[in-house]
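Below: one structure, written as C-alpha cells.
No value in this document is a laboratory result; all are computed from the given coordinates. Small disclaimer: the values here were computed from a predicted structure and weren't measured. Counting neighbours? That spans all protein chains shown, and the Cβs are built from the backbone with ideal geometry, glycine included.
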Number of protein chains: 2
Amino acid sequence: MGRWEPNARERLASSALELFLERGYESTTAAEIAERAGLAKSTFFRHFTDKREVLFGGQDALNHLFGDAITGAPDSATPIDAVGAALDAAATIFRPERRAWVQQRQAVIAGNSDLRERELLKRATLAAAMADALRKRGVTDPTASLAAELASLAFRNAHTLWVGPTNQRDFADIAHQELHALRAATAELD
Amino acid sequence: MGRWEPNARERLASSALELFLERGYESTTAAEIAERAGLAKSTFFRHFTDKREVLFGGQDALNHLFGDAITGAPDSATPIDAVGAALDAAATIFRPERRAWVQQRQAVIAGNSDLRERELLKRATLAAAMADALRKRGVTDPTASLAAELASLAFRNAHTLWVGPTNQRDFADIAHQELHALRAATAELD
C-alpha cells in the first residue's frame, strides 16, 4: 500500500463515524477504522493522533476561522457585526453537503458523556477565541466577552437547528436569525 | 481509628490542597492526602470518590443553590433580578474565611490542563442549571439562555476578582457590579 492515498482523511473520518454508530465509540479502535477505510493503521495515525480527534480535529481551524473573520471585519463594523462575520465564516464549513456527516457526529457525541464534555469545552474555547479577536479590534471588556458569548450561544443554537432532521435552511441564515434574536432579547432582561 | 472523625472532610480537603501545591496534583495520591490529614485512606474514600472530587465536589451543590435561588425569587423579579438572586446565594459559599482555600484551589487548577478543562465544563453546567431554573419561572428562550450566560460570565469575573491577592470586597458586591456592567454593555453591542 502506497504512502499516498487519495482522500484518506475523509475516508477515515467516514469510516470512523460508521463504526462509532454501529459498535459504539468506546468499542471502536483506530485499526478497525483504518481497515474499514481500506487503509493501513499507520495511515490513520498520519492523519489523526487518536480516534477522538476524528470528531474534534477541526476545532483549531474553527477557532482560527472565527478569530480571523472578526479581526478582518471592516473598521466600521460594530461588535455585533464582527461576530456576525464570524458566523458567516462558519457557514463556509457547515455546507449543505456536510450536513449528514455533522448529524452523525452529533449522534455519536450525544451517546457518550466524555464526548459531550469535550464538546462543551470546545465551545468555551471558541467563545474565548472570539473575545480575544474582539479585543484586538479595540473592543473593551465586558463588551468583548458579552458579544463573544452571544455569538457562541447563537452558534450553538444554529448548529442544533441546522442539523435537525427537517432543516432546509442555510447555516448563515439560521445563525444570523439566532444572533438577532439574542440581541433583541437583551431588551427583555429587566 | 474510629469511623467518626471530627471535620474529616475539611481536614482532607486542606491536606489535599497542601499536597497538590507542594508536589503537584498528578503526583499526589489519596493515601498521601489521608496520611497528611492523620486519617485512614478508607476515610478519604468515604468522603470523596477520587482526588479530583476534592476540587470539584461542591459543584452539584452550587448548581442547586443557583437554581433554587432563581426559582425562589419573588414573582415580580425580572430575569436579571432572578440571576442576581443566584449570585447573592453564591456569596453564602464564597465567604471571606474561605478565600484562602479558594485561592489555593485556583492555583492548583491553573497548573493542570485537565483541571482547567473540568473547570470550564463545570461553568457550562452552572449556566445550564440557571437557564433551566429561569424556564421554570416562565422565562422563554432566548431570554432565559441569555440571562443565564450573563450571570455565568458575571460569576466567572467575580470569582477571578474575589480571589485576587489584594481584594477586600465581598463576593456579592463584586458579582452584582459585574452583572450590572454586563447588562450595561448590551447597549455597546451595536
Copies compared at B:TRP101 - label distances in nm, ascending, label defined 7 Å from Cα in the Cβ direction: 4.9
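Please give the calculated 222 nm ellipticity per residue for chain B, where each DSSP H segment of at least 4 residues contributes -39500 (n - 2.57) and the sum is spread over every residue; nearest 500 deg cm²/dmol?
Numbers: 10 runs with 134 residues, N = 190.
Mean residue ellipticity at 222 nm (helix-derived): -22500 deg cm²/dmol.
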As computed over segment A:120-190, the Cα convex hull volume per residue (Å³): 106
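Over chain B, what is the relative contact order in whole percent, taking alpha-carbon pairs under 8 Å and six or more residues apart?
On the way: 185 pairs, mean separation 37.8, N = 190.
Relative CO of chain B lands at 20 percent.
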For segment B:141-149, 3J(HN,Hα) per residue [Karplus equation, 6.51 cos²θ - 1.76 cosθ + 1.60, θ = phi - 60°, Hz, x = Gly/Pro]: 7, x, 4, 4, 5, 4, 4, 5, 5
A from B by rotation - nearest chain B beta carbon to the axis, in Å: B:THR186, 2
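Hey, got the average number of other protein chain Cβ atoms within 10 angstrom for residues in A:71-81? Kindly include the intermediate steps, with their values, before the conclusion.
On the way: counts 0, 0, 0, 0, 0, 0, 1, 3, 4, 3, 2.
Mean inter-chain Cβ contacts per residue within 10 Å come to 1.
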Label-to-label distance, nm, for residues given as B:ASP60 and B:GLU35 (7 Å Cα→Cβ offset): 3.1
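Given R₀ = 25 Å, what would the calculated FRET efficiency be for B:SER42 paired with B:TRP101, taking r from the Cβ atoms and rounding to 0.05? List each step's numbers first, then the result.
Details: r = 24 Å, r/R0 = 0.97.
It comes to 0.55.
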Pair-distance profile P(r), taking every C-alpha pair of segment B:1-156, with 5 angstrom steps and integer %: 2, 9, 17, 17, 15, 13, 11, 8, 5, 3, 0, 0
Average beta carbon contacts from partner chains per residue of A:148-158, 10 Å cutoff: 3
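Compute and list, largest first, the equivalent-ellipsoid semi-axes of the protein assembly as shown from the alpha carbon gyration tensor, each √(5λ) rounded to a whole angstrom.
Values: eigenvalues 264, 201, 69 Å².
Listed largest to smallest, the semi-axes of the protein assembly as shown are 36, 32, 19 Å.
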Partners for B:LYS41 among lysines (Cα-Cα distance below 22 Å; same-chain residues under 8 apart left out): B:LYS51
Label point distance in nm, B:THR160-B:GLN177, each placed 7 Å from Cα along Cα→Cβ: 1.5
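Compute the Kirkwood hydrodynamic radius of segment B:1-88, taking the inverse of the mean of 1/r over all pairs of distinct Cα atoms, and give it in Å to one decimal.
15.0
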For segment A:88-104, Karplus couplings with θ = phi - 60° (6.51, -1.76, 1.60), whole Hz, Gly/Pro x: 4, 5, 4, 5, 6, 8, 8, 8, x, 5, 9, 4, 4, 5, 5, 4, 4
Sequence-distant residues sharing a close amide H with A:GLY72 (under 5 Å, placed H): none
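What's the average, rounded to a whole number, of partner chain beta-carbon atoms within 10 Å of each residue's beta-carbon in B:173-185?
On the way: counts 0, 0, 0, 0, 0, 1, 1, 1, 4, 8, 5, 3, 11.
That average works out to 3.
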